[in-house]
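Sharing a structure, written as structure tokens. Questions coming.
Every number in this text was worked out from the coordinates using simple rules, so none of it is lab data. Please read all numbers here as calculations on a predicted model, not as lab measurements. As a convention, Cβ positions derive from the backbone with ideal geometry for all residues, glycine included, and neighbour counts pool all protein chains shown.
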Amino acid sequence: MELRVDRIHKSFGEKGVLEGISFNANSGSAMGLLGRNGAGKTTTMRIIMGVFPPNSGHILVDGKPIDRKNMSIGYLPEDRGLYPKQPIDKQLLYLSRLRGCKTRDAKESIARWLKRLGMEEYASKKLNTLSKGNQQKIQLVAALINEPELVILDEPFSGLDPVNATILKDVVKEVISEGRIVLFSSHQMNYVEEFCDSIAILHNGKIVLDGKISDIKRSYDRNIITIRSQDNDVIEDFCNNTLSDIVTGTGRMRDELLVTLRAPEEMNSLVSALTAQRIEFDSIGIHEPSLAEIFVQYTGDEEEKSA
Amino acid sequence: MKQLYTVFSFEFMNYAGRKSFRFLTIGLIIIIALVLSLPRIGEAVSDAKEEAPQDRELTRILFIDGAEGAGGDLEYYNESLKYAGFTFVSEPINQSEAEKKVDAGEYDNAVIVTGPLEYIRIARNISMNDRFSYQLENAMLHRYKQLSFGAYGISDGEVDSILNASVTGTVRIIGKDQMENFFYTYILIFVLYFAIILYGQLVASSVATEKSSRAMELLITSTDPRSLMFGKVLGTSLAGFLQLALILGSAYLFYNLNASYYTDVAIIQSIFAIPLSMLLYNLLFFVFGFLLYAFLYASLASLVSRMEELSTVIMPVTFLCIIAFMIVMFSMSAGSVDNLLMVACSFIPFTSPMAMFTRIAMGDVASWQIALSVTILIGSTIGVGLLAASIYRLGVLLYGTPPKPNQIIRMLKANRAQRVMR
């Protein structure tokens, strides 16, 4: 199954929020929708869910306009939204039935998901008696109880401790592996890198970058080499003095040495030269920019980019 | 439809299932039962008292005749006021001695009759519900009349029959008796007014809670706003109606159980003697009038982001209800329920539930006017319900300062245009 967001325009009054954005998301994989605060991520998600219509453009599923009556969508909103003073099982049942589930099936599903997240003992408790992390888990249950084909997670990891984050990560991975479409938004780039095969970066109402993360990283220059070694100083001297015909410069990033080559093909020559000199190193490889770096590059202000 | 039912039953149970709701309802029913059974309870208590040895102590009054029988003598007062529980004792003493005796507690009161229509009463304390002076004066006046008529040779018996003569009249009402209908109309209008203010705000706060807790965001992505709006308003309203029906129903029940004690209390009798047709009219205007206001409350509540803003935003609706109530109340008190303002108000849906019902109950109104008013009311209720659902959908997106009415209209138009385009 393929979800296609096709040339969506949306404005609220005079203010244009989305200016013709398009991207694809496929079942069995997660799509990361990235962007700074106010970039239009939540608006895009709401349009997909049909909370309000776009000014123009379409949401397509397998090439046809989305039929929300027959396609179940699970949503975890960024601003957590459930009844604070209602028992958890009661409100989950309510949500599930609103989405068209039969009472018995809904109860089974709720019990299963609460157990899966280790929350079954809280079933009859009121939501506001739970800790923030546990409330977050309930929120995820609310998104997943109807086994939706499309799962939209807006900042699912905010405010979670590492243990809860791991539990949540496992569940999200499970959902992806079950062949559903997962649309994912987060500011925590490590999570995005961990889950998402592809990303779309939204900036000022436009998609400024989209595609598979691996392809995006490959598209960057491959002439910067990362070397990890006990003898970084020795290697740096060697590169600058002896290998100046293939090396144009060196630099440091934390405990790694970055070596810029004249051309990517020179990497073999570099490795051979280092081996010939019997210089020991732990690892050597092509330096790929992190997602955070790419994100800043596309969405940062000029000052932030140069920093 | 199924979703509407889901929302409806959730919202209904949300209130009807609450402990506070049950306690309040049962508590009010108990209070009503007690109040309406008071005469029966009072009688039971006094019965119990009367079973005790029958020697009720009479209140002792010191009687000093300073007018030599011109204002009635000891025997006359003893006879006249024995039924009221007073016994008069005569002593040949003067005023200051009498004061001492009263002060010492020997007598409750002392009376010095100084003329045919004059007396001095000496009392230690006079309680709030003291009736001695009144009864004494009545007796004294009666004695005066007897003696005066006696001077013309009319006997005491003849005097009594002349003075106690009464008129028997039969009134045949062709139209309506405003006096009789006044009380139940007043009460029903009052109940509607309170129901709108109380339960309407209940609906409003329920919507605002959903908004501020952002549960609305999940709801609106799970179902359509119309089901949410109608389910919510109908569910909460039914819980409110149920509570009212239980309370009013129990009042009716306990009145009928104790009806024999109220035969001479005209007001209470007239309240419970509502004709069935009036009750049905009231039900019709009540249900739709209430729903109309509930939709207004719900739609406005969906515009606030925080509970603190709620009261400010819903104030116009509350005022609308108060104005409708005031117009009806003043017209009722003035006795002119068919004045021009009332006629106009009986076709405006926000005022017609109170105004038209009052006119039906107390005034003169053509049946086409009733039909027109009901049609406008039902149509407006549905229309406002649909509009409220649209505002509710908009409201989900609005955080921050609640928008002004013209902004809402602009947004609604823009939203509609986009929907049509799609």
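Before anything else, pin down the relative contact order of chain B: Cα pairs under 8 Å, at least 6 apart, normalised by residue count, whole percent.
Details: 477 pairs, mean separation 81.5, N = 422.
The normalised contact order for chain B reaches 19 percent.
Let me ask something else. Run the helix sum for chain B: -39,500 (n - 2.57) per DSSP H stretch of 4+ residues, divided by residue count, reported at 222 nm to the nearest 500 deg cm²/dmol.
Working: 17 runs with 295 residues, N = 422.
Dividing the helical sum by the residues of chain B leaves -23500 deg cm²/dmol.
Right, another one. With charges set only on the Cβ (+1 for Lys and Arg, -1 for Asp and Glu), what does the dipole of segment B:58-161 come to about its Cα centre, in debye to the nearest 20?
Numbers: 9 positive and 17 negative charges, 60 e Å.
Around 280 debye, computed over segment B:58-161.
Taking every DSSP beta bridge with both residues inside chain A, roughly what % is antiparallel (nearest 5)?
Values: 37 of 56 bridges.
Counting DSSP beta bridges with both partners in chain A, the antiparallel share is about 65 percent.
Here's a follow-up. At A:ARG222 and B:LEU253, where each label point lies 7 Å from the Cα along Cα→Cβ, what is the point-to-point distance in nanometres?
8.5
Then there is this: Normalised by the number of residues in chain A, what is the relative contact order in percent for Cα pairs under 8 Å and 6+ residues apart?
Details: 526 pairs, mean separation 62.9, N = 307.
Across chain A, relative contact order equals 20 percent.
Would you calculate a helix-derived [θ] at 222 nm for chain A, using -39,500 (n - 2.57) for each DSSP H run of n ≥ 4 and dividing by the full residue count, to the nearest 500?
Only helices count here, giving -10500 deg cm²/dmol.
For A:VAL17, list long-range residues whose amide hydrogen, built 1.01 Å from N in the peptide plane, is under 5 Å from its own amide hydrogen.
A:LYS10, A:SER11, A:PHE12
I want the antiparallel fraction of DSSP beta bridges within segment B:1-121, as a percent rounded to 5.
Within segment B:1-121, antiparallel bridges account for around 30 percent of the total.
Let me ask something additional. Tell me, in nm to one decimal, what length is gained between B:THR170 and B:ALA245 on full extension, where the rule is 0.36 nm per residue of separation less the Cα-Cα distance? Intermediate values should be presented prior to the final figure.
Numbers: separation 75, 0.36 × 75 = 27.00 nm, distance 3.66 nm.
Taking B:THR170 through B:ALA245 to full extension adds about 23.3 nm, to one decimal.
Across every pair of different alpha-carbon atoms, what Kirkwood hydrodynamic radius in Å does segment A:221-286 reach?
Values: mean 1/r = 0.0873 Å⁻¹.
Here the Kirkwood hydrodynamic radius works out to 11.5 Å.
Out of A:LEU202, A:LEU257, A:LEU18, any idea which swings most in a Gaussian network model of chain A, alpha carbons joined below 10 Å?
A:LEU257
OK, next. Can you sort A:THR260, B:THR312 so the residue with the fewest Cβ neighbours within 10 Å comes first? Please list the in-between numbers first.
Values: A:THR260 15, B:THR312 11.
So the residues, fewest neighbours to most, are B:THR312, A:THR260.
Based only on Cα atoms, what Rg/Rh ratio does the protein assembly as shown have, Rh being taken as Kirkwood's radius?
On the way: Rg = 42.8 Å, Rh = 33.8 Å.
Here Rg/Rh amounts to 1.27.
Pick from B:GLY385, B:GLY71, B:GLY240: which is most flexible by mean-square fluctuation in a GNM of chain B where alpha carbon atoms under 10 Å apart are linked?
Maximum fluctuation in the GNM of chain B, among the listed residues, is at B:GLY71.
Return, for the Cα atoms of segment B:58-161, the radius of gyration and Dmax in Å, separated by a comma.
14.1, 45
Continuing with the same structure: For the pairs A:LYS137/B:LYS404; B:LYS211/B:LYS413; A:LYS10/A:LYS69; A:LYS169/A:LYS217; A:LYS41/A:LYS64, flag any whose C-alpha to C-alpha distance is greater than 31 Å. Present the calculation step by step, with values, prior to reporting the outcome.
Values: A:LYS137/B:LYS404 38 Å; B:LYS211/B:LYS413 23 Å; A:LYS10/A:LYS69 23 Å; A:LYS169/A:LYS217 23 Å; A:LYS41/A:LYS64 23 Å.
As for pairs spanning more than 31 Å Cα to Cα, those are A:LYS137/B:LYS404.
Still on this structure, I have one more. Test of understanding: in a Gaussian network model of chain B with alpha carbons linked when under 10 Å, which of B:GLY27, B:GLY42, B:GLY115 would top the mean-square fluctuation ranking?
The residue with the greatest mean-square fluctuation here is B:GLY115.
Where does the charge balance sit around B:ASN94 when Lys and Arg score +1, Asp and Glu -1, over other residues with C-beta under 14 Å from its C-beta? Kindly include the intermediate steps, with their values, before the conclusion.
Details: positive: B:LYS100, B:LYS101; negative: B:ASP65, B:GLU91, B:GLU97, B:GLU99.
The answer is -2.
Another question about this same structure. Tally Lys/Arg at +1 and Asp/Glu at -1 over every other residue whose Cβ is under 12 Å from the Cβ of B:GLY385; what's the total? Kindly include the intermediate steps, with their values, before the conclusion.
On the way: positive: B:ARG226, B:LYS232; negative: none.
Around B:GLY385, the surrounding residues sum to +2.
Still on this structure, please answer the following. In peptide A:76-87, how many Cβ atoms from other protein chains are near each Cβ within 10 Å, on average? The partial results should precede the final answer.
On the way: counts 1, 6, 2, 4, 5, 12, 7, 8, 5, 2, 4, 0.
The mean count of partner-chain Cβ atoms within 10 Å per residue comes to 5.
Using the scaling law 2.2 N^0.38 Å as the reference, what is the normalised Cα Rg of chain B?
On the way: Rg = 32.6 Å, N = 422, 2.2 N^0.38 = 21.9 Å.
This ratio for chain B stands at 1.49.
Determine, from the Cβ-Cβ distance of B:TYR144 and B:PHE347 and an R0 of 60 Å, the FRET efficiency 1/(1 + (r/R0)^6), rounded to the nearest 0.05. Please list the in-between numbers first.
Details: r = 62 Å, r/R0 = 1.03.
For R0 = 60 Å, the calculated efficiency reads 0.45.
Return the average number of partner chain Cβ atoms within 10 angstrom of each residue Cβ along peptide A:95-106. Please list the in-between numbers first.
Numbers: counts 8, 2, 9, 14, 5, 5, 0, 0, 1, 0, 0, 0.
So the per-residue partner count for this stretch is 4.
Computed FRET efficiency, Cβ-Cβ of B:THR312 and A:ASP301, R0 51 Å: what is it to the nearest 0.05? Before the final figure, lay out each step's value.
On the way: r = 39 Å, r/R0 = 0.77.
According to the calculation, E is roughly 0.85.
Pop a pseudo-label 7 angstrom from the Cα along the beta-carbon direction at both A:LYS212 and A:SER131 and give the gap in nm to one decimal.
It works out to 4.0 nm between the two label points.
Report Rg (one decimal) and Dmax (nearest whole number) for segment A:2-217, counting Cα atoms only, units Å.
For segment A:2-217, the Cα radius of gyration and maximum Cα-Cα distance read 17.1, 49 Å.
Express the relative contact order of segment A:221-286 as a whole percentage, based on alpha carbon pairs under 8 Å and six or more residues apart in sequence. Walk me through the intermediate numbers first.
Numbers: 100 pairs, mean separation 32.7, N = 66.
Over segment A:221-286, the number comes to 50 percent.
Next up: When a footprinting reagent is the concern and you count Cβ atoms within 10 Å, what order do B:VAL45, B:VAL167, B:VAL7, B:VAL102 take, fewest first? Display every interim value, and only then the final one.
Numbers: B:VAL45 10, B:VAL167 4, B:VAL7 25, B:VAL102 19.
Ascending Cβ contact count within 10 Å gives the list B:VAL167, B:VAL45, B:VAL102, B:VAL7.
Additional query: For segment B:203-322, compute Rh as the Kirkwood radius over C-alpha pairs and then the Stokes-Einstein diffusion coefficient at 4 °C and 1.567 mPa s; write the answer in µm²/s, rounded to an integer.
Details: Rh = 16.9 Å.
After rounding, the answer is 76 µm²/s.
I'd like the per residue volume of the convex hull spanned by the Cα atoms of segment B:260-416, given in cubic angstrom. Write down the numbers at each step before the final one.
On the way: hull volume 23.5 nm³, N = 157.
In segment B:260-416, the Cα hull volume divided by residue count equals 150 Å³.
If you average 1/r over all unlike Cα pairs in segment B:55-119 and invert the result, what Kirkwood radius do you get in angstrom? Provide the component values of the computation, followed by the final result.
Details: mean 1/r = 0.0834 Å⁻¹.
Across segment B:55-119, the inverse of the average 1/r is 12.0 Å.
Count charges around A:ARG4 for me, please; just the other residues with Cβ under 13 Å from its Cβ, Lys/Arg as +1, Asp/Glu as -1. It would help to have the intermediate numbers written out before the result.
On the way: positive: A:ARG7, A:LYS64; negative: A:GLU2, A:ASP6, A:ASP62, A:ASP210.
So the surrounding residues net to -2.
Work out, step by step, the length gained on full extension between A:GLU174 and A:ASP62: first 0.36 nm times the residue separation, then minus their alpha carbon distance; give nm to one decimal.
Values: separation 112, 0.36 × 112 = 40.32 nm, distance 2.30 nm.
Length gained, A:GLU174 through A:ASP62: 38.0 nm.
Once you place label points 7 Å from the Cα toward the Cβ at B:PHE21 and A:GLU120, how far apart are they in nm?
Output for this residue pair reads 3.1 nm.
If you take every DSSP beta bridge fully contained in segment B:58-161, what fraction is antiparallel? Give it as a percent rounded to 5. Kindly include the intermediate steps, with their values, before the conclusion.
Values: 6 of 16 bridges.
About 40 percent, rounded to the nearest 5.
Quick one: order B:TRP368, A:TRP113 by neighbouring beta-carbon count within 10 Å, fewest to most. If you can, show how the numbers build up before the last one.
Working: B:TRP368 8, A:TRP113 22.
If I rank by nearby Cβ atoms, fewest first, I get B:TRP368, A:TRP113.
Compare the peptides B:84-97, A:171-184 by average per-residue count of other Cβ atoms within 10 angstrom and give them in order, highest first. Show your work: numbers first, answer last.
Working: B:84-97: 14.1, A:171-184: 18.9.
Per-residue Cβ counts within 10 Å, averaged per peptide and sorted highest first, yield A:171-184, B:84-97.
Segment B:1-90: which GluC sites (Glu not before Pro) are DSSP loop and have at most 12 other beta-carbon atoms within 10 angstrom? Present the calculation step by step, with values, prior to reporting the outcome.
Values: sites: B:GLU11, B:GLU43, B:GLU50, B:GLU51, B:GLU57, B:GLU68, B:GLU75, B:GLU79; in loops: B:GLU57, B:GLU68.
Here the GluC sites (Glu not before Pro) that fit, given the DSSP loop and packing criteria, are B:GLU57, B:GLU68.
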